[in-house]
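Some notes on the structure that comes next.
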Amino acid sequence: MTISVILVVAISLVALVGTLSLTGKSDSDYSAATRGNLLNLSYIYMGLVLVLTVGIIYFVIKLA
């Protein structure tokens, strides 16, 4: 049991050091790609809101 705990702690520390070492490196195209992805996601949500609104209105009219 003690060996397992030591292995888990050691692997966790190695993963933490690896993650922290990678956070210092940045990608120059990241902000442009993020902006495009957010725009596409916004379009998807707007379309979803439109479809759901039409569906709810249809359901309410059909129920009445």
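Under the combined filter of DSSP loop state and at most 14 neighbouring Cβ atoms within 10 Å, the chain retains these trypsin sites (Lys or Arg not before Pro): Lys25. For the chain, the 222 nm mean residue ellipticity estimated from helices alone, with every DSSP H stretch of n ≥ 4 adding -39500 (n - 2.57) and the total spread over all residues, rounds to -31000 deg cm²/dmol.
Just so you know, the averaged projected area of the alpha carbon convex hull for the chain sits at 9.4 nm².
Cα axis of helix 2-22 to longest principal axis of the chain: angle in degrees, 0 to 90, nearest 10? With both axes taken from Cα atoms, the answer is about 70 degrees.
Bear in mind that the values in this text are calculations on the coordinates, not laboratory data. These figures come from a predicted structure and were not determined experimentally. Note that each Cβ is placed from the backbone with ideal geometry, even for glycine, and that neighbours are counted across all protein chains shown.
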